[in-house]
Structures are given as C-alpha cells and as structure tokens.
Amino acid sequence: MTPPATDPPTKLSPLAQGLNDRLEAAAPAVLKMLSEYGRRLYFPKGILSQSAEASEKAHRFNATIGIATEGDGPMYLPSIQQHLADIDPKDAYTYAPTPGRPGLRAAWRDKLLKENPSLPGRSFGLPIVTSAITHGLGLVGDLFVDPGDVLLLPDKLWGNYRLTYEVHFGGQIVTFPFYEASGFNVKGFAQALARAAEGRTKLLVLLNFPNNPTGYMPTPEEGEAIVGALHAQAKAGTRLVVITDDAYFGLFYHLGGASMTESLFAALTGLHENLLAVKLDGATKELFVWGLRCGFMTFGPGDAGSCEEVCAVLESKVKGAIRGGISNVPQLSQSLVEQALGSSSIEAERKQKCETLRVRAERVDEVARAPRFSESWDVYPFNSGYFMCVRVKGVEAERLRVHLLDEYGVGLIATAPEDIRIAFSCLEVEEVEPLFEALHKAIQELC
Ligand SMILES: Cc1ncc(COP(=O)(O)O)c(C=O)c1O
C-alpha cells in the first residue's frame with residue numbers, strides 16, 4: 001500500500017538560516033532558547049523592503065505599496081477625516097512600519113530610561129511596537145514556546161496566560177504560591193525555579209508586577225531576591241527566558257511600606273548570558289488607552305557585548321512573526337501615543353490619574369480591613385495597580401459572585417475557588433464602602 005502523501009517538513013529559509021547563524025556566533029544560548037517556529041522565522045525581502053527602497057529612490061512614480069493615493073498623501077474619506085482634525089492623513093491611514101513608528105519606538109525607549117533608574121548604562125533593544133501586551137505575549141510564544149515547554153508563574157495570575165501559552169502554544173504552566181506571610185513568596189519562587197529546571201535546559205519565567213489579580217508589587221528586597229534566584233539558576237546552566245509583564249507599571253501606592261518602583265527588567269538585563277529578559281508593556285493601561293492596542297516588546301540580553309547583534313536578529317524574527325500574523329499595528333494608535341509622549345503636560349496628567357487611583361486604593365485598604373469584615377474575608381497584601389483580592393470565608397467564590405450579581409447588582413471576579421478580585425480602578429471613592437458592605441452581607445447570607 002502506498003503511504004499517504006505528506007508534505008515535506010517546512011524547510012528553513014536561507015534568510016532564517018542566516019539569522020540563526022548570526023545568533024549562534026553572537027549568543028548560542030539565545031539560539032537554543034528559540035522554538036521551532038522561532039528558528040524558522042525571518043523577515044522577507046518582499047513587498048515591504050522593495051517599497052522601502054522605492055520610497056528612497058523612485059522620484060518619478062512610486063507604484064509599489066498596496067494603498068491608494070491622491071496628491072502626495074493617502075486617499076481618505078472626509079467622513080472619517082472630519083473626526084481627526086489634528087492628525088495628518090498619512091499619520092492615520094497609511095500602514096505603519098512592521099516594528100512600529102520610529103519616533104514612537106524612540107520615545108518609549110526614553111520613557112523606559114527615565115522611569116527605570118537602573119536601566120541607563122545597560123544595553124537593551126529598541127522597543128518593538130505590538131498590538132498591546134496580549135499580542136506581545138503571543139509573540140513571546142511564537143519565538144520561544146514549543147509544545148511541552150514549561151513556564152513558571154506565581155499561582156495568582158492573569159487567566160489569559162493559559163489561553164496563550166497552554167491552549168495556543170501547548171506549553172505547560174507550572175505555579176508556586178504567590179504569597180508567603182505578608183509579602184511575595186521569594187523562597188517558594190527560588191525553590192520552584194530550581195525544581196522546574198531539574199532535567200531541563202530551558203525554562204520560561206513570567207513575572208507580572210504590579211500584578212493582576214493581586215495588585216501586588218514586590219518590595220526592593222523581594223525584587224533583589226527574585227533577581228538573585230534567577231541569576232543563580234542561569235549560572236547553574238539553565239537557559240532562562242524571563243518575561244516581565246509590566247502592564248500596570250507606574251501605578252505604585254506604597255500601601256503598608258515602600259514597594260519597588262522600577263521594572264525587574266532593569267536588573268535582569270545584562271545579568272548572565274543564559275538569561276534573556278523580555279519586557280512587555282504598553283500604553284494600554286499606563287496611558288489609559290486600552291482600546292488603542294498599542295504595546296511594546298523590548299529585549300534585554302544577558303551579554304552587553306553581543307546585545308546589538310542579538311537584538312537585531314530577534315527583531316528580524318519578531319518582524320517576521322508580526323508580518324505573518326497581524327501585518328502591522330494601527331498607524332493611528334501609534335501616532336496618538338507618540339504625540340502624547342511628546343506632550344509637555346503628559347507627566348502631570350498621568351500623575352493626576354495615578355493620584356486618583358491611589359486615593360481609591362487607600363480607601364479600599366482602610367475599608368476592606370475593617371474589623372467588622374474579618375469574619376467574611378482576609379485581605380491579600382496589595383499596594384499598586386488596578387486590583388486587589390480577598391480570600392472569602394465559608395463560601396465558594398463563584399457562588400458568591402453569582403449571588404452578588406443577582407441580588408445586589410454588584411459585579412466582581414472569582415479568580416479561584418476562595419478568591420474574589422475587586423477592580424478598584426473602576427470604583428469612585430464613595431462607592432468603596434457600599435461595595436464591601438454588600439460583599440459582607442452576601443457572604444453572610446450564603447454561609
Ligand atoms: C497582567 C496583564 N497583562 C496583559 C494584559 C493585557 O493588556 P493589553 O490590553 O495591553 O493587551 C492585561 C489586561 O487585563 C493584564 O492584566
């Protein structure tokens with residue numbers, strides 16, 4: 001019997017091979033971190049690079065790119081442009097470059113340097129624009145996750161990670177308890193890291209601070225211990241891809257003591273050749289433009305000497321993944337964020353919104369810890385971001401959630417059998433106490 005015809009295995013393009021050879025020469029440990037797809041990725045010399053050449057040299061007619069033009073700009077409809085009075089049509093409707101608008105990338109890099117005092121002096125890549133952080137998480141999967149690969153995370157995590165890394169990429173999420181006493185479980189993290197690395201040469205670690213769902217940002221001492229554990233594991237020979245999901249960066253309220261105010265990415269960059277730091281962050285939460293879908297992916301390789309080459313190769317591969325996935329990130333979103341970053345008042349505006357959230361967080365901290373509620377829940381430590389969690393007593397969180405909705409018209413999220421997440425980011429200060437009163441009453445009714 002003739003065996004069924006099968007397609008030949010996907011061949012490595014010479015361009016991908018060239019990128020892999022460069023990585024092998026510059027940072028062999030990083031090449032070994034790549035997934036099968038990551039190894040096959042490259043950025044084609046197709047329409048885009050021919051168009052780029054034409055935009056430099058085609059001074060008579062440029063008939064290369066797939067948009068429609070009129071005069072020296074893109075064609076557009078007045079019914080759309082009337083809503084964008086201050087935006088030049090070419091900054092709204094044309095395709096953005098695959099890795100993002102150069103001005104936006106440079107502005108976000110400046111922001112990183114300004115907001116992370118340990119970063120200046122370290123070598124890291126130019127941020128690549130993503131369709132917000134969710135897309136960045138997917139790109140990490142494209143480059144680094146093969147079926148069966150392990151990702152280590154604390155057990156209180158944003159549920160969407162499971163869809164991305166387990167359902168889509170076939171990876172395996174391994175967790176450890178988030179808290180120990182009133183802080184981050186640094187000992188549990190170090191132990192889980194060593195255990196997960198046993199029998200493995202590569203491991204992904206995903207750290208999200210300020211955290212969703214807990215609203216926790218580590219203290220400086222905890223941050224040092226996290227970095228120390230990762231450094232020790234890299235020195236022991238495990239190749240580590242450490243992803244920092246910094247979605248809620250900057251929203252630090254220091255409840256109950258000082259927390260870190262910079263990303264772990266800063267301390268992880270240039271730490272060891274076996275450790276590649278990948279920072280994911282975005283305008284979505286930080287600039288309060290969730291639906292604009294504008295985020296960034298920044299590489300922090302372990303060796304400053306080969307950083308430029310490693311970032312160039314990884315950027316080509318990310319560009320291939322973006323081009324083959326979503327093509328590019330909306331120009332209009334990028335233009336708006338770029339212009340906002342260049343505005344002289346943006347710092348003050350962000351500070352004011354952060355202050356509004358801080359006042360709500362403080363009120364939540366005060367109300368949720370009132371002794372009269374102690375029979376209903378324990379408050380998990382929180383100090384930052386949009387959220388906080390309580391561990392409810394004597395009732396299953398999902399049952400409570402439904403009861404709160406049906407009987408009180410209050411919507412909260414059940415994140416685990418005993419845990420309820422409260423997004424204080426969308427509560428006015430005066431709504432905090434009535435919300436916790438309703439939560440308490442609902443729990444007592446169900447107990
Ligand atoms: C921890 C975390 N990462 C990423 C995201 C997604 O962010 P974006 O809207 O930028 O894709 C969220 C949104 O809820 C989040 O909580």
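Nothing in this text is a laboratory measurement; each read-out follows from the coordinates by a stated rule. No experiment lies behind these values; they were computed from the predicted model shown. Heads up, the Cβs are rebuilt from the backbone with ideal geometry, glycines too, and the neighbour counts pull from every protein chain shown.
List of remarks:
- A cut-off under 11 angstrom between Cβ atoms defines the neighbours of Ala438, and their net charge, with Lys, Arg +1 and Asp, Glu -1, is -4.
- Helices in the chain, meaning DSSP H runs of at least 4 residues, each add -39500 (n - 2.57). Divided by all residues, the mean residue ellipticity at 222 nm is -12500 deg cm²/dmol.
- Each 10 Å bin from 0 upward holds the following percent of the Cα-Cα pairs of the range 346-446: 16, 50, 26, 7, 1.
- For the chain, the alpha-carbon radius of gyration amounts to 1.07 times the rule-of-thumb value 2.2 N^0.38 Å expected for a compact globular protein.
- Environment charge at Glu309 (Cβ cut-off 12 Å; Lys +1, Arg +1, Asp -1, Glu -1): -4
- Cut-off of 10 Å, at most 11 other beta carbons, DSSP loop: longest stretch of the chain lacking such GluC sites (Glu not before Pro): 199-427
- In the chain, a dipole from Cβ-located charges (positive for Lys and Arg, negative for Asp and Glu) runs towards its positive end, and of Ser425, Ala25, Phe178 it is Ala25 whose Cα lies farthest in that direction.
- Size estimate for the range 253-352 follows the Kirkwood approach: the inverse of mean 1/r over distinct Cα pairs works out to 16.0 Å.
- Distance between the modelled labels on Ser123 and Ser182, one decimal in nanometres: 4.3 nm (7 Å Cα→Cβ projection).
- Per-residue Karplus couplings for the range 435-445, computed as 6.51 cos²θ - 1.76 cosθ + 1.60 with θ equal to phi - 60°, are listed in order as 5, 5, 4, 5, 4, 4, 4, 4, 5, 5, 5 Hz, Gly and Pro entered as x.
- Listed cross-link partners Lys187/Lys393; Lys285/Lys317; Lys187/Lys441; Lys319/Lys353 are compared with a 31 Å cut-off, the Cα-Cα value being larger for Lys187/Lys441; Lys319/Lys353.
- Going from the fewest other Cβ atoms within 10 Å to the most, the residues Tyr161, Tyr216 appear in the order Tyr161, Tyr216.
- In this structure the amide hydrogen of Lys202, modeled in the peptide plane, comes within under 5 Å of the amide hydrogens of Arg239, none closer than 5 places in sequence on its chain.
- Net +/- balance of residues flanking Ala132 in space, Cβ distance below 12 Å, scoring K and R +1, D and E -1: -1
- Net lengthening on full extension, Glu198/Val402 (0.36 nm per residue, minus Cα-Cα): 69.2 nm
- At an R0 of 35 angstrom, the distance between the Cβ atoms of Leu113 and Cys426 translates into a FRET efficiency of 0.65.
- Percent of beta bridges antiparallel (DSSP, the chain, rounded to nearest 5): 55 percent
- If you bin all the Cα-Cα distances of the range 98-209 at 10 Å, starting from zero, the percentages per bin are 12, 33, 35, 19, 1.
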